[in-house]
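This report refers to the structure that appears directly beneath it.
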Amino acid sequence: DGIVTGGLYNSKDGCQPYQIASCEHHTKGPLPPCSGDDPTPQCVHVCRKGYNVSYSQDKHYGVRAYGISEDVQQIQTEIMKNGPVEADFTVFADFVNYKSGVYQHHSGEILGGHAIRILGWGVENNVPYWLVANSWNSDWGDKGYFKILRGQDECGIESDINAGIAKL
C-alpha cells in the first residue's frame, strides 16, 4: 500500500517524521535508556501540518520484494545491482559490547533476533566481513555500524536476506 516520506524524531522532514524518541541501546550515552515498552504509534493517513504534499501523493511504492539465497556471491551481486539488503541474525550477549573489528560470537546467551541492513563487505586482517548498519544509534558499536564474519553464516546473518526494488 506504499509508504510516505519521513525524517528524524522531532524534525520537520517529510510527511511523517519518526514518532519515537531516540534512546540508548546497550550503551551509556547522552540519551535515556531504551525501555522497550514504548507504545506503537497509531497509523494516521495525513501528513504533518505545514507539509505541502498530500498523504496519497507522497506515497512511494515497491515493485517487488524477494528473498536472496545464502550464497555469498549472490548477496554481493544483489548489493552491487540494487543497493543494501535487509537481513536478520541472532544476537548474543557478547554482541552488545561490540566496538570495532570483525564480530564473531564467542560467549553469552541468546538475547533474540534483530533486523539490520547489510551495506557492503571487505576484509580486515585477512578476515572477510559484511559491513552492517545497526539501528542502535551512533553511540553503539563503530558509530552505529559493525562488521561481522562473512561466508560462515555467523549468527545466521546469511540465512535470511531480503531485498526489494523501488518503483521510481
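Couple of notes before you dig in:
- Which listed residue is small (Gly, Ala, Ser) and either part of a strand (DSSP E or B) or surrounded by 15 or more Cβ atoms within 10 Å (Cβ to Cβ) (or both), from Gly164, Gly108: Gly164
- Index of the failed condition, Cys23 passing every other in (1) free of Cβ contacts under 8 Å to residues at least 12 places away in the same chain; (2) closer than 25 Å to Asn134 by Cβ: (1)
- Some residue of region 76-84 being surrounded by fewer than 16 Cβ atoms within 10 Å (Cβ to Cβ) and either in a loop (DSSP other than H, G, I, E, B) or among the charged types (D, E, K, R) (or both): yes
- Filter result for the condition that a residue is within 25 Å of Ile165 (Cβ to Cβ), small (Gly, Ala, Ser) and exposed (fewer than 11 other Cβ atoms within 10 Å of the Cβ), over Ala87, Ala65: Ala65
- For region 26-62, a residue qualifies if it is surrounded by 13 or more Cβ atoms within 10 Å (Cβ to Cβ), closer than 27 Å to Asp139 by Cβ and without any contact (Cβ under 8 Å) to a residue 60 or more places away in the chain, and exactly one does: Cys34.
- Of all residues in region 121-161, those being loosely packed, with under 13 Cβ neighbours inside 10 Å and not in a loop (DSSP other than H, G, I, E, B) number 3.
- Tabulated pairs, region 72-85, first within 17 Å of Gly151 (Cα to Cα), second acidic (Asp, Glu) and part of a loop (DSSP other than H, G, I, E, B), C-beta under 8 angstrom, 6+ apart or interchain: Val72/Glu158; Ile75/Glu158
- Check on Leu8, part of a loop (DSSP other than H, G, I, E, B), within 23 Å of Asn137 (Cβ to Cβ) and over 19 Å from the mean Cα position of the chain (by Cα): no
- Residue in region 50-67 that is assigned to a loop (DSSP other than H, G, I, E, B), under 17 Å from the mean Cα position of the chain (by Cα), small (Gly, Ala, Ser) and more than 30 Å from Glu154 (Cα to Cα) present: no
Bear in mind that the values in this text are calculations on the coordinates, not laboratory data. Note that the structure is a prediction, hence the values are computed from the model and not measured. Note: ideal-geometry Cβ built from the backbone for every residue, glycine included; neighbour counts use all protein chains shown.
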